[in-house]
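Q: Structure below; questions to follow.
The values are calculated or read from the model by the stated rules, or taken from the named source; none is laboratory data. Since this is a predicted model, take the numbers as computed values, not measurements. Note: ideal-geometry Cβ built from the backbone for every residue, glycine included; neighbour counts use all protein chains shown. Ligands, DNA and RNA are stripped out before the accessible areas are found, and what is left, the full protein with its side chains, is counted by its heavy atoms. Shrake-Rupley method; radii C 1.70, N 1.55, O 1.52, S 1.80 Å.
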Amino acid sequence: MNEHYESKPIPVVPLRGGTVFPGVTTTVSIGRRASLAAAQAAIERGGDLLIVVQRDAEVETPGTDDVFPVGILATARDMLRTPVGIQMLVELHRRVQLVGIEGTEPFLIGRYEELAEEDAVDENLKLEAIAYLEKYIELVGETNQQVMTMTRASKTTGELADYIAGLINLSFEIEVGLLMNLNGRARLEILLEHLRQEVRIADIRSKIQTDAREGAEKAQRDYMLREQMKAIRKELGDDSDDNPDDLRTKIENAGMPEKVLERALSELKRLEYQGQQSAEASVIRTYLEWLTELPWNNETEDNFDIAHVREVLDADHYGLDDVKERIVEYVAVRKLAGKDMKGAIINLNGPPGVGKTSIATSVARAIGREMVRISLGGVRDEAEIRGHRRTYIGAIPGRIIRALRDAKTRNPVIVLDEIDKVGTDWRGDPASALLEVLDPEQNHNFIDHYLEVPFDLSQVIFITTSNQLSTIPAPLLDRMETISMPGYIEDEKLAIARQYLLKKQQEANGIGGVEVTITDEALRGLIRYYTLEAGVRQLERNLGKVVRKLAVRVASGETGPFHMTEAEVEEIMGPRKFTYGVIEELDEVGLVTGLAVNSYGGNTLPIEVSLSEGTGRVTLTGSLGDVMQESAQAALTYARANARALGLEPTLFDKVNVHIHVPDGATPKDGPSAGIAMATAIISAFTRRPVRRDVAMTGEVTLRGKVLPIGGLKSKTIAAHRAGIKTVLLPKGNAKDIPELPERVRQDLELIPVSHLDEVMAVALLEPVGPPMKVGEPEKAPEPAIIPPVASGNSGKRIGRVS
């Protein structure tokens, strides 16, 4: 600072929101009356004034603390009136130090002191700064030759820095920092770094604009070429209604995932360069149409009202509590977990006619989803599941993808019917292809051979149906949650017939508006004497026959109402086809009622044993499998090992031929669960102790006489209840399954868990009708093997077919 300089008062003009730099002549906007008065006073006094910068633009009359301490000493040359306001033409000289503002009326008056600035002459720094300035001005499109000439005329780094700072756009903070900085070289280095940054940004912006312009030009060029191709095809007579642009619109609106969209657009590009006469054109077009028809992001909204779901399931089906509870659980968990939950994979296993397929339809209706049924019975080609490769003529996607196309939603209920009847041959194994479909960890990325792009199956509810589990491959069965549907008891059939089947048959035969009632006795007669099934299909057909007879009467002029009694129903149905009651009429020696399970549900299984003199040969008949034959051998070995305890001579078994027969010889039978029934029949035959005809039994037997657990207890007890059996002997290991049996079965049957054959014989065998079997001694008058009913209170009729 020059000490000889004397500070004197000078008019002050404060600037708001910006600053100016020394070394140039420019215009400054004057908006406040005080600033206008200060400018006029300066012009009248010779032109000198002090320009300062306000810290806060909102302050109307600033003081010393409201402005920055460094200002610009300037000379006011003129006042100009313009459409945007009054402009003051000023010549900016140099930086000075503001001492203070002494007056505010009629304008600001302040004092200043000179400042000593540091400056240098650095030609390399100046040339670099000028080069970046030229590039910056070129990029922003404001090239001015006069400006560039003046920048080259700057002698020092400080002069060049002040000149550049007045040319380019800077933030208020940077401008103030440059104004306060007294080092010319430092100011130029700051501006050079800023220019470098601005040039980089301008380069990026220019590249983006160039790319956008080139993209628009390419799109316009492609459009012109397509139009020319259309005109050429039209001239060649190859014009058709199929427009690639329509396919492009469908592809863009299909909501495909990114990778699928890339594949579709790639195939569309191939199609556009192929003529309609090309052999590949129709193949590509069909492929693209399949891609656009699939529901990539379309899905139905689930109904999470649990009360509604229960109501719909109960309205459509009677019983089936296990299935209904599983569906309610799924809805509840989906309501809480949202889209994070994967679809359910449920297998409904049971005999025909119990409602497996129809309950799947009700599930879809209850939760508000679409339902698609796929029948797998007899399917042998793996391509039925995964589709054919596009290289084959007539190739199409597999049944899973076709089902989704038909459902028009990505989260339907897909019913895979008769999954246990899938075949295998040289064309592949469909069951192995289903492993991916029915695996929640894999089916989110299912790839059909035809599509060759992944499709998400994780939101699909798969419900499979089967009659038996033994024919389903173990890896496939492991992926499904199996729910058993063993069949209906008589009371359930009665309720189903009254609440569902009768109304359905009335509607089907045109008398839905006619009042028809059938007594309980008549319905029980239909169930007992005209059906022998676990389900209700035959019962529905029988009701249809009754309803058709009523339809004839309605068509003849009768109006009803009709009240059908047991006698009227029997007259329509004709002679009884089956009898109802216990399996045998009398308590007999060597005849035991066993229990079995087949693809049609549970059934009673009579086992007969006949003895004759011989050499100890054992004959097994009745189409018995290896396991069942081994059970018979084990039962016979137990009887031999415990001969003395049973009151028999051990040598007797070497002199007697044993014939074990299981009737209905044309039907193959296998499994270990008839072990205790065979052992009881053998012991009964040797000891001449009759077997109670109202007792049925099931369980595997060991050589030591232990009774081991078996499967299918629910189906077997329902069969025993249907046959009129009163007592069922079951393995003690199956006692835990008793609470799962239908309530009516538990009420009507006496269920006795046993752990050893001694317990079985104590319940099933009666007092002997003669001495135990002996060989070699003449017998006087052999006792008959069949005795009249004992005083056990048992009565009933023979069950079986009537010839």
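Q: How many residues does segment 106-124 hold that are in contact with an Asp or Glu (Cβ under 9 Å, 6 or more places away or on another chain) and not aliphatic (A, V, I, L, M)?
A: 3
Q: I'm checking my understanding of the structure. Among residues of segment 411-434 that are crowded, with 20+ Cβ neighbours inside 10 Å and either hydroxyl-bearing (Ser, Thr, Tyr) or part of a loop (DSSP other than H, G, I, E, B) (or both), which one is modelled with the highest pLDDT?
A: Pro412
Q: To continue, here is another question. In segment 568-610, how many are small (Gly, Ala, Ser), more than 21 Å from Val546 (Cα to Cα) and at pLDDT 80 or above?
A: 4
Q: Also, I was wondering about something else. Return only the number of the condition from (1) touching an Asp or Glu at 6+ places or on another chain (Cβ under 8 Å); (2) surrounded by 13 or more Cβ atoms within 10 Å (Cβ to Cβ); (3) not aromatic (Phe, Trp, Tyr) that Ala129 does not satisfy.
A: Among (1) touching an Asp or Glu at 6+ places or on another chain (Cβ under 8 Å); (2) surrounded by 13 or more Cβ atoms within 10 Å (Cβ to Cβ); (3) not aromatic (Phe, Trp, Tyr), the lone unmet condition for Ala129 is (1).
Q: Determine which member of the set Asp439, Asp406 is among the charged types (D, E, K, R), farther than 26 Å from Ala254 by Cα and under 18 Å from the mean Cα position of the chain (by Cα).
A: Unique residue meeting the criteria: Asp439.
Q: Could you grab me the full set of residues in segment 54-69 that are open to solvent by 10 Å² or more (accessible area, probe 1.4 Å) and of a type outside the set (D, E, K, R)?
A: Within segment 54-69, Ala57, Val59, Thr61, Gly63, Thr64, Phe68, Pro69 meet the criteria.
Q: Can you name the residue in segment 760-775 that is of a type in the set (Val, Ile, Thr) and at pLDDT 90 or above and, of all such residues, is nearest to the chain's Cα centre (by Cα)?
A: Val760
Q: Filter segment 277-318 down to the residues that are over 22 Å from Gly343 (Cα atoms) and among the hydrophobic types (A, V, I, L, M, F, W, C), then identify the one that is surrounded by the fewest Cβ atoms within 10 Å (Cβ to Cβ).
A: Here the answer is Ala279.
Q: Tell me, which residue of segment 714-770 that is part of a helix (DSSP H, G or I) and among the small types (Gly, Ala, Ser) is nearest to Ala677 (Cα to Cα)?
A: Going through the qualifying residues, I end up with Ala764.
Q: Tell me, please, whether a residue that is of a type in the set (S, T, N, Q) and under 18 Å from Val24 (Cα atoms) can be found in segment 130-143.
A: So far as segment 130-143 goes, no, none of its residues is of a type in the set (S, T, N, Q) and under 18 Å from Val24 (Cα atoms).
Q: Residues that are more than 19 Å from the chain's Cα centre (by Cα), assigned to a helix (DSSP H, G or I) and under 29 Å from Pro475 (Cβ atoms): does segment 325-343 have at least one?
A: Within segment 325-343, one or more residues are more than 19 Å from the chain's Cα centre (by Cα), assigned to a helix (DSSP H, G or I) and under 29 Å from Pro475 (Cβ atoms).
Q: Turning to a different aspect of this structure: So which of Glu134, Glu91 ends up being of a type outside the set (Phe, Trp, Tyr), farther than 17 Å from Met180 by Cβ, open to solvent by less than 70 Å² (accessible area, probe 1.4 Å) and not in a strand (DSSP E or B)?
A: Going through Glu134, Glu91 in turn, just one is of a type outside the set (Phe, Trp, Tyr), farther than 17 Å from Met180 by Cβ, open to solvent by less than 70 Å² (accessible area, probe 1.4 Å) and not in a strand (DSSP E or B): Glu134.
Q: Right, another one. Quick one: is Arg498 touching an Asp or Glu at 6+ places or on another chain (Cβ under 7 Å) and modelled with pLDDT of 85 or more?
A: No; evaluated as a whole, the condition is false for this residue.
Q: Being crowded, with 20+ Cβ neighbours inside 10 Å and in a loop (DSSP other than H, G, I, E, B) is the filter here, so list the residues in segment 510-531 that pass it.
A: Of everything in segment 510-531, those that are crowded, with 20+ Cβ neighbours inside 10 Å and in a loop (DSSP other than H, G, I, E, B) turn out to be Ile511, Thr531.
Q: Still on this structure, I have one more. Given the criterion at negative phi and without any contact (Cβ under 8 Å) to a residue 24 or more places away in the chain, identify the matching residue among Ala696, Ala641, Ala674, Ala645.
A: Ala645 is the lone residue from the list that is at negative phi and without any contact (Cβ under 8 Å) to a residue 24 or more places away in the chain.
Q: Among the numbered conditions (1) open to solvent by 60 Å² or more (accessible area, probe 1.4 Å); (2) under 39 Å from the mean Cα position of the chain (by Cα); (3) within 21 Å of Arg528 (Cα to Cα), tell me where Gln747 comes up short.
A: (2)
Yes/no per residue for (1) of a type in the set (Val, Ile, Thr); (2) open to solvent by 40 Å² or more (accessible area, probe 1.4 Å); (3) at pLDDT 85 or above; (4) assigned to a strand (DSSP E or B):
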| residue | (1), (2), (3), (4) |
| --- | --- |
| Asn2 | no, yes, no, no |
| Glu6 | no, yes, no, no |
| Pro11 | no, no, yes, yes |
| Val52 | yes, no, yes, yes |
| Leu80 | no, yes, no, yes |
| Val99 | yes, yes, yes, yes |
| Tyr112 | no, no, yes, yes |
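Q: Could I ask something else about it? Of these, Thr667, Thr651, which one is in a helix (DSSP H, G or I), at pLDDT below 90 and at negative phi?
A: Result of the check over Thr667, Thr651: Thr651.
Q: Further question on the same structure: If the requirement is being open to solvent by less than 20 Å² (accessible area, probe 1.4 Å) and either in a helix (DSSP H, G or I) or farther than 22 Å from Val354 by Cβ (or both), which of these qualifies: Gln538, Gln499, Gln506?
A: Gln506
Q: Six or more apart or on different chains, Cβ atoms under 7 Å: show the pairs whose first residue is in segment 438-457 and more than 17 Å from Ala264 (Cβ to Cβ) and whose second is in a strand (DSSP E or B) and not hydroxyl-bearing (Ser, Thr, Tyr).
A: Short answer, once both residue conditions are applied: Leu438/Ile345; Leu438/Phe462; Pro440/Ile345; Asn445/Pro454; Phe446/Pro454; Phe446/Phe455; Leu457/Phe446.
Q: Asn183 - would you say it is open to solvent by 30 Å² or more (accessible area, probe 1.4 Å), of a type outside the set (Val, Ile, Thr) and in contact (Cβ under 8 Å) with a residue 24 or more places away in the chain?
A: yes
Q: Name the single residue that is most open to solvent (accessible area, probe 1.4 Å) among those in segment 159-178 being closer than 16 Å to His93 by Cα and modelled with pLDDT under 85.
A: Glu159
Q: Oh, and also: For the structure I just gave you, tell me whether Gly711 is more than 30 Å from Tyr529 (Cβ to Cβ) and assigned to a loop (DSSP other than H, G, I, E, B).
A: yes
Q: Now, a different point. Looking only at segment 493-521, which residues are within 20 Å of Ala567 (Cα to Cα), β-branched (Val, Ile, Thr) and out of contact with any Ser or Thr (no Cβ under 7 Å at 6 or more places or on another chain)?
A: Within segment 493-521, Val516, Thr517, Ile518 meet the criteria.
Q: Here's a follow-up. Given (1) in a strand (DSSP E or B); (2) farther than 18 Å from Lys421 by Cβ; (3) aliphatic (A, V, I, L, M), where does Leu348 come up short, assuming only one miss?
A: So Leu348 meets the others, but not (2).
Q: Quick check on this structure: which one of Arg326, Arg390, Arg405 is out of contact with any Lys or Arg (no Cβ under 7 Å at 6 or more places or on another chain), open to solvent by 40 Å² or more (accessible area, probe 1.4 Å) and either modelled with pLDDT of 85 or more or of a type in the set (S, T, N, Q) (or both)?
A: Arg405
Q: Of all residues being under 59 Å from the mean Cα position of the chain (by Cα) and assigned to a strand (DSSP E or B) in segment 611-648, which is surrounded by the most Cβ atoms within 10 Å (Cβ to Cβ)? Just the residue, please.
A: In this case the residue turns out to be Leu624.
Q: Return the residue satisfying two criteria in turn: it lies in segment 336-381 and is basic (Lys, Arg), within 27 Å of Glu492 (Cβ to Cβ) and free of Cβ contacts under 8 Å to residues at least 60 places away in the same chain, and of such residues it is surrounded by the most Cβ atoms within 10 Å (Cβ to Cβ).
A: Going through the qualifying residues, I end up with Arg365.
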